[in-house]
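Here the structure is laid out as structure tokens; the discussion comes afterwards.
The values are calculated or read from the model by the stated rules, or taken from the named source; none is laboratory data. None of the values given here were measured: they were computed from a predicted structure. Note that each Cβ is placed from the backbone with ideal geometry, even for glycine, and that neighbours are counted across all protein chains shown. We work out accessible area using only protein heavy atoms, side chains counted, and drop any ligands, DNA or RNA first. Shrake-Rupley method; radii C 1.70, N 1.55, O 1.52, S 1.80 Å.
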Amino acid sequence: MTTPISAQPAHDDRASAAAASPVVLSPAGPADHWWQSAVIYEVYPRSFADGDGDGVGDLAGLIHRLPYIASLGVDGIWMTPFQPSPQVDQGYDVSDYCGVDPLFGSMADFERLLAGAHALGLRVLLDVVPNHCSSRHPLFQAALAAGPGSPERGLFHFVEGRSSSPEHPSDLPPNNWQSVFGGTAWSRANPGSETDTEWYLHLFSAGQPDWNWRNPAVGDYFDGVLRFWFDKGVDGLRIDVAHALFKADGLPDAPSESPVVDGLRSNPLVSDQEEVHEVYRRWRRLAEKYQPHRLLVGEVNLEPSRAARYTRADEMHQAFAFAFVKLGWDAAAWAQAGSELEEARLLHGAAPTWALENHDIVRTVTRFGGGDQGARRARAALAALLGLPGAAYIYQGQELGLPEVDVPVEARVDPMWARGGVTRDGSRVPLPWTEDPAGNHGFSTGPTATPPWLPLPDGWGDNAIESQQQDPGSALAFAARALALRRQLWADGTFTADDAGTWRLRAGNLLTCERSPRFLVAVAMGSEPVELPPGVVLFSAFPLEQEGWLQPDNAVWLRRS
Ligand code: GLC
């Protein structure tokens, strides 16, 4: 059904008024394909730097700290949402896709940020959240007000519920789908009303109603959103929950045997519907109307063979390879996952886009065992990641070796905690900039320093950026060295976009990935030192104790002899 109402973004008219920020960059890879070699740094704005001292990170803080990001040697940033939002899901509940939430600053601040980043040679990617909006979004509010059967409701999934008995019409959700955050994926549109007995679908919290992508007006609306940011000079978009926009026609019950622990992955009816690919073909055409072409990177949380279909030549440029995120320190499992990704690359052409951390995932230091051992493994894993064929994304604080924080129960704010008993707050704690505790360890640089939105744990200052910058043995110094060498190897032709990824599990749990006959990445994932294949070690996560041998929890880049 095509709704006759206008679904254009409220601020579409601002697009032409804003001066586009010119992109003057010297990419490491071929000019049109800069993203193939890129390393992008994920900025979670609330926790990066607080420029006004209110305890929440903001655009002013980020502008101030841009030189730090540039000094890492990355190619750009991906910023998680800063658009107006009630912040039910820390910004992933957007109420105005083309604005800036006053919590983070103003549109003028964003324009300064974009120009400042470009001047430093950094690309800027934003998050677009097309699966759902905020329940405070004007179009959802209009849908609620317009009532059952209205075209306004056609933009979302409003459905009559089931009835436990004739006396209680529509007292049960329309189907058995579960929210990713826990509990039913349905809420009553108008609780208590006898005339409006519809429910609306939300795969995440009740404050995040899902758009109905079967209504063409929704696609038109998002074209306007993309154009707005592309016109401003934004270099690309990370697409949130990219595989879930379309739901099975008719919204049938999920097969009863489907586990309900993780709504999206276990329910084939809310994810990976064939129709979704047409959206990304359309977005790719739009992205390529701009010079330089804008980049599309998807959060496609599917097995490699399915996820790779989203990066076919006319769809997105990249989709995160999340395979290793789900694995412990297990060489056999990594070799298997790596081989599956390679098979998918051979089938569909796009190299994997590596990520080991983001704002939804337990930090690697903790995932790989915590303490000194976890820190060593996290560093070795990052070394491996940066040597693999394909682009890579690193998450703020990963370069510092930050561990997951056990945020006190009373301070947890993640909606997943309230609905599902799991919290992602531990990877979102504000960055420690200084050892000195003043100004929330340098996180807050404004006139006052209100306590940060998530409390900093004791000893947080031990990880401070300022101290790590002075220490050649620090996680930060290691990350910067790895990034610099990676850049050089792309520039001198050692790394190319055509490199393969041939994974092997070798004796002693030595994991290797050969990207060409000349170059190999090796990670020692066992408990004993292992002999390396012949070659020259170009880089190692930690100094080698004995030539030709790799100690446990170390990784190397090897030029084959
Ligand atoms: C993505 C985001 C996550 C958010 C969810 C719903 O997975 O990374 O933080 O909660 O989408 O928008």
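Quick check on my filter: what residues within segment 177-186 are within 16 Å of the ligand (Cβ to nearest atom) and part of a strand (DSSP E or B)? Across segment 177-186, the qualifying residue is only GLN178.
Across segment 231-246, the qualifying residues are those that are under 19 Å from the mean Cα position of the chain (by Cα) and among the hydrophobic types (A, V, I, L, M, F, W, C), and the one among them that is nearest to the ligand (Cβ to nearest atom) is VAL241.
Table: residues versus (1) over 18 Å from GLY390 (Cα atoms); (2) of a type in the set (A, V, I, L, M, F, W, C); (3) touching a residue at least 60 places away in the same chain (Cβ under 8 Å).
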position	(1), (2), (3)
ILE239	yes, yes, yes
PRO252	yes, no, yes
ASN267	yes, no, yes
ASP272	yes, no, no
HIS293	yes, no, yes
PRO304	no, no, no
ARG309	no, no, no
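Do you know which of the residues in segment 497-507 that are open to solvent by 20 Å² or more (accessible area, probe 1.4 Å) and under 26 Å from GLN551 (Cβ atoms) is farthest from the chain's Cα centre (by Cα)? Looking at residues that are open to solvent by 20 Å² or more (accessible area, probe 1.4 Å) and under 26 Å from GLN551 (Cβ atoms), I get ALA507.
If you go through segment 299-309 and pick out every residue that is within 16 Å of the ligand (Cβ to nearest atom) and surrounded by fewer than 24 Cβ atoms within 10 Å (Cβ to Cβ), you end up with 3. Against the numbered list (1) under 21 Å from VAL88 (Cβ atoms); (2) without any contact (Cβ under 8 Å) to a residue 60 or more places away in the chain, PHE204 comes up short only at (2). Figure legend. Inter-residue proximity from segment 462-485: first residues at positive phi and without any contact (Cβ under 8 Å) to a residue 60 or more places away in the chain, second residues surrounded by fewer than 20 Cβ atoms within 10 Å (Cβ to Cβ) and among the β-branched types (Val, Ile, Thr), beta-carbon distance below 9 Å, spacing 6+ or different chains. No pairs are indicated. Being open to solvent by less than 50 Å² (accessible area, probe 1.4 Å), closer than 30 Å to MET107 by Cβ and more than 16 Å from the ligand (Cβ to nearest atom) holds for only one residue in GLY224, GLY207, and it is GLY224. Out of segment 165-198, which residues are among the aromatic types (Phe, Trp, Tyr) and either assigned by TED's automatic domain parsing to the domain that holds VAL422 or closer than 18 Å to VAL88 by Cβ (or both)? PHE181, TRP186 - these are the residues of segment 165-198 that are among the aromatic types (Phe, Trp, Tyr) and either assigned by TED's automatic domain parsing to the domain that holds VAL422 or closer than 18 Å to VAL88 by Cβ (or both). Checking the conditions here, which among ASP262, ASP330 is over 27 Å from ASN212 (Cβ atoms) and either within 16 Å of the ligand (Cβ to nearest atom) or modelled with pLDDT of 95 or more (or both)? Of the residues listed, the single one that is over 27 Å from ASN212 (Cβ atoms) and either within 16 Å of the ligand (Cβ to nearest atom) or modelled with pLDDT of 95 or more (or both) is ASP330. Of everything in segment 356-366 that is assigned to a helix (DSSP H, G or I) and buried (at least 24 other Cβ atoms within 10 Å of the Cβ), the residue that is nearest to the ligand (Cβ to nearest atom) is THR364.
Residue-by-condition table, conditions (1) in contact with a helix residue (DSSP H, G or I) (Cβ under 8 Å, 6 or more places away or on another chain); (2) assigned by TED's automatic domain parsing to the domain that holds ALA308; (3) at pLDDT below 95:
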position	(1), (2), (3)
ALA335	no, yes, no
GLY338	yes, yes, no
GLU342	no, yes, no
HIS348	yes, yes, yes
LEU356	yes, yes, no
HIS359	yes, yes, no
GLY371	no, yes, no
ARG376	no, yes, no
ARG379	yes, yes, no
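Among GLU160, GLU194, which is the only one that is of a type in the set (D, E, K, R) and under 19 Å from LYS247 (Cβ atoms)? None of the other options fit; the residue is GLU160. Counting only helices (runs of 4 or more DSSP H) that sit wholly inside segment 390-496, those with at least 3 residues that are within 16 Å of the ligand (Cβ to nearest atom) and open to solvent by 20 Å² or more (accessible area, probe 1.4 Å) are 415-420.
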